[in-house]
Amino acid sequence: MEMRLLHDMIEDQKKELSNLVKKYGFSHQKVIDFSQKLDLLIYEAMGKYRLDQKIRIKKNP
């Protein structure tokens, strides 16, 4: 997945998570489940960022 798309998805899900927290509170299972899915997207983005950095370093030592 492209970084820009991944970033946009994360931002959209952060807004949705905020809405869910307002509606249900922090400890509701819907909020917890949604937060865990958002965590996975963030981990994916972090991995892609690290890979991009390694590639850049190898290209420009």
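What the table shows:
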{"read-out": "Cα shape, the stretch 3-59, gyration tensor, a/c 1.5 rule", "value": "prolate"}
{"read-out": "Qualifying aspartates and glutamates (Cα of each under 16 Å from Cα of Lys23; at least 8 residues distant if same chain)", "value": "Asp33"}
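Bear in mind that the values in this text are calculations on the coordinates, not laboratory data. Note that the structure is a prediction, hence the values are computed from the model and not measured.
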